[in-house]
1. Residue pairs, Cβ under 6 Å, 6 or more apart or interchain, first in the stretch 103-129 and more than 16 Å from the ligand (Cβ to nearest atom), second in a helix (DSSP H, G or I) and among the hydroxyl-bearing types (Ser, Thr, Tyr). List them.
2. Which one is farthest from ILE14 (Cα to Cα) among residues in the stretch 39-53 that are touching a residue at least 60 places away in the same chain (Cβ under 8 Å) and hydrophobic (A, V, I, L, M, F, W, C)?
3. Would you check if GLY35 is on the phi > 0 side of the Ramachandran plot and in contact (Cβ under 8 Å) with a residue 40 or more places away in the chain?
4. Pick from LYS99, LYS142: which is in a helix (DSSP H, G or I) and touching a residue at least 12 places away in the same chain (Cβ under 8 Å)?
5. Within the stretch 67-104, track down each residue that is under 22 Å from ILE2 (Cβ atoms) and of a type in the set (Val, Ile, Thr).
6. Filter the stretch 1-16 down to residues that are within 23 Å of the chain's Cα centre (by Cα) and basic (Lys, Arg) and give me whichever is farthest from THR63 (Cα to Cα).
7. Within the stretch 70-89, work out how many residues are more than 13 Å from GLU19 (Cβ to Cβ) and either surrounded by 14 or more Cβ atoms within 10 Å (Cβ to Cβ) or within 18 Å of the chain's Cα centre (by Cα) (or both).
8. Does the stretch 57-69 hold any residues that are in a helix (DSSP H, G or I) and surrounded by 15 or more Cβ atoms within 10 Å (Cβ to Cβ), and which are they?
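Just so you know, all these numbers are worked out from the coordinates, no wet-lab data involved. Model, not experiment: these values are computed from the prediction. No Cβ is skipped: glycine too gets one built from the backbone with ideal geometry, and neighbour counts run over all protein chains shown.
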Amino acid sequence: MIKKEVFKKINEQIKLEYESAFIYKQMSITMATKGWDGFAHWFHEQYKEEMDHAEEMINYLITRGETPVLFDLKKPDLKLEGVLAHFEKAYEHECFVSKSINDIVALAIKAGDYATENFFRRYVDEQVQEEDSVSSIVDRLKLVNGDAGYLMIDRQLGRRE
Ligand code: OFO
């Protein structure tokens, strides 16, 4: 059995993963409508990853004999101007998610729930990688000047698998 406070925190994380997915889907839609197909693709891949994370966490709770609970999701509220603002927001969001994952690991250790600690450590690593990949896109967008540079990065990100 998972302790009540750990169970609650994992359920909240599942909600956060779905909300993250919706944020990225909304960003993908915006990019697609502006003609930035590569950026749209990158955000769509990010959306799919977040959906996978939610699914993995749901399956983890089921494996531990628990019944995951789904909550109402917050609608993405993005009033962003331009490509750079979207990636800056994505970076800020990933830092927020990292904190939440770290809190779960800390809580699991405190509760002596080493299975949950182990399971969530993969997301600690994943967040390091995600923060790095988004911040390097932010850096590249700041380096280039004008739409020609953006177009080049758009093409590169369009190849994300
Ligand atoms: Fe769920 O991986 Fe980042 O947010």
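1. Taking only residues 6 or more apart or on different chains, the pairs are ALA108/THR116.
2. Let us first name the residues in the stretch 39-53 that are touching a residue at least 60 places away in the same chain (Cβ under 8 Å), namely 39, 41-42, 45, 53.
Filter once more, keeping what is hydrophobic (A, V, I, L, M, F, W, C): 39, 42.
Numbers: PHE39: 25, TRP42: 22 Å.
Among those that are touching a residue at least 60 places away in the same chain (Cβ under 8 Å) and hydrophobic (A, V, I, L, M, F, W, C), it is PHE39.
3. Criteria not met by GLY35.
4. LYS142
5. THR67, VAL69, VAL97, ILE101, ILE104 - these are the residues of the stretch 67-104 that are under 22 Å from ILE2 (Cβ atoms) and of a type in the set (Val, Ile, Thr).
6. Among residues in the stretch 1-16 that are within 23 Å of the chain's Cα centre (by Cα) and basic (Lys, Arg), the one farthest from THR63 (Cα to Cα) is LYS15.
7. 8
8. Within the stretch 57-69, MET57, ILE58, TYR60, LEU61 qualify.
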